[in-house]
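What follows is calculated from the coordinates using simple rules that are stated; it is not laboratory data. Only a predicted model underlies this, so the values are computations on that prediction, with no experimental measurement involved. Neighbour counts are summed over all protein chains in view; Cβ atoms, including those assigned to glycine, are modelled from backbone coordinates with ideal geometry.
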Amino acid sequence: MKKILLAVVLLSFSITNALSQASSFMKKGKTDDSLKKYKEAIADYDQAIELDSNYANAYYYRGISKYHAKDNYGGIKDFTKYVSMEPNYANAYVYLGLLKERLFDSKAAIAAYDKAIELDAKSATTFYDRATSKMHLGSYTAAMLDCNKAIELDPKYESAYVNRGLTKTHSDDYQGAMQDYNKALELDPNDEIVYVDRALAEHHDGQNTDAIKDCTKAISLDPKDETAYVTRGISEYKLNMYKDAITDYNVAIGLTPNDRVAYYDRGIAKEQDGDKEGACADLKKAGDMGDGSAKEEYSKLCQ
């Protein structure tokens, strides 16, 4: 009887010791993750799970470290394991959505965000994330509704105004888009991307002078923003400022040599500026890169 009691005591001590060690590895893993030592953090959580395979939080935090380390499939596996053990924690589904979206599986991402919102309908960021996935699927009206909800929950959520502006631009509501971009810039006056987004809406609305001003502001904030040069070039073209447009396309191509749109746009600008040879060279280049419109234009102008 004493031997049995001793065995039970030893077993209990062994289990307690293993759980204590697992907890220590968890603590170390969180520290390593906070220091952006993701490989080390993952190894720490591996140890915790080896000691206690039912340690739900170890899967959750290992999933976070894998998310940070861009191990998308590994992160999905860990969060899937976690929600099988703890199915009512909204943030785990949020991470699943983010990881699915990274893999361009927007439908699966939306399903994960749906579950997260079912569990916690007061997270502005989750509505924003779901809106982003819906936009990737071209569901702009549904995305706008999610942006509305995100803004309702957090009226100072700058990115939500930006996303809603994008949905309105895609829906040809350029005035509405500009209003949202105005609000976003009120919240963050140094977000150069929003100036470019607003410039596109202004361009589509025929306000090309304002579009040029916004692109110029964006370039002052980030001189390597290739999209700003292309967008400014488009507006300059519309105002018959062909040489200025060509100059901007030159810079854009210098920054992104494989941008076939910039070659096409520069070719069209050169054609209007009387440089047929240069136009044909750019159109051929864009066509060789897979631009169907460039091939068609090249055929009409150059052959």
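For the chain, find the longest principal axis of its Cα atoms and tell me its angle to the long axis of helix 140-153, 0 to 90°, nearest 10.
Value to nearest ten degrees: 60.
Taking +1 at the Cβ of each Lys and Arg and -1 at the Cβ of each Asp and Glu, which of Ile212, Asn250, Cys147 sits farthest along the dipole of region 146-274 towards its positive end, judged by Cα position relative to the Cα centre?
Asn250
Under the Cβ-under-4.7 Å rule, which cysteines of the chain stay unpaired?
Cys147, Cys215
Rounded to the nearest 20 debye, what is the charge dipole size of region 21-98 about its Cα centre when +1 sits on each Lys and Arg Cβ and -1 on each Asp and Glu Cβ?
240 debye
Can you check what the net charge comes to around Tyr242, using other residues whose Cβ is under 12 Å from the Cβ of Tyr242 (Lys, Arg +1; Asp, Glu -1)?
Working: positive: Lys238, Lys243, Arg266, Lys270; negative: Glu236, Asp244, Asp248, Asp265, Glu271, Asp273, Asp275.
That works out to -3.
Dipole of the chain (Lys/Arg Cβ +1, Asp/Glu Cβ -1, origin at the Cα centre): which of Ala279, Ala294, Val83 lies farthest to the positive side?
It is Val83.
Net charge around Asp265, counting only other residues with Cβ within less than 13 Å of its Cβ (Lys, Arg = +1; Asp, Glu = -1)?
Working: positive: Arg232, Lys238, Arg260, Arg266, Lys270, Lys285; negative: Glu226, Glu236, Asp244, Asp248, Asp259, Glu271, Asp273, Asp282, Asp291, Glu297.
Net charge around Asp265: -4.
When the helices in the chain are scored as -39500 (n - 2.57) per DSSP H run of 4 or longer and the sum is shared across all residues, what 222 nm value do you end up with, to the nearest 500 deg cm²/dmol? Intermediate results must be reported in sequence, preceding the final value.
Numbers: 17 runs with 246 residues, N = 303.
Result for the chain: -26500 deg cm²/dmol, rounded to the nearest 500.
Helix 106-119 sits at what angle to the longest principal axis of the chain, using alpha carbons and giving 0 to 90 degrees rounded to 10?
Tilt of helix 106-119: around 50 degrees.
Charges only on Cβ, +1 for Lys and Arg, -1 for Asp and Glu: so what's the dipole of the chain about the Cα centre, in debye to the nearest 20?
Working: 40 positive and 49 negative charges, 307 e Å.
That gives the chain a dipole magnitude of about 1480 debye.
Note the angle between two axes, namely the Cα long axis of helix 208-221 and the longest principal axis of the Cα atoms of the chain, as a number of degrees from 0 to 90, rounded to the nearest 10.
Around 50 degrees separate the two axes.
Using Cα-Cα distances under 8 Å and only pairs 6 or more residues apart, what relative contact order does the chain have, in percent?
Values: 426 pairs, mean separation 19.2, N = 303.
Normalised by residue count, the contact order of the chain is 6 percent.
Would you work out which of Ala108, Leu166, Thr132 lies farthest towards the positive end of the dipole of region 96-215? Charges go on Cβ: Lys and Arg +1, Asp and Glu -1.
In region 96-215, that residue is Ala108.
Only one of the values (1) 20.2; (2) 13.7; (3) 17.8 was calculated from this structure for mean projected area of the Cα convex hull in nm²; name its label.
(1)
In debye to the nearest 20, how big a dipole does region 111-193 give about its Cα centre with +1 on each Lys and Arg Cβ and -1 on each Asp and Glu Cβ?
Values: 9 positive and 15 negative charges, 48 e Å.
Dipole size: approximately 220 debye.
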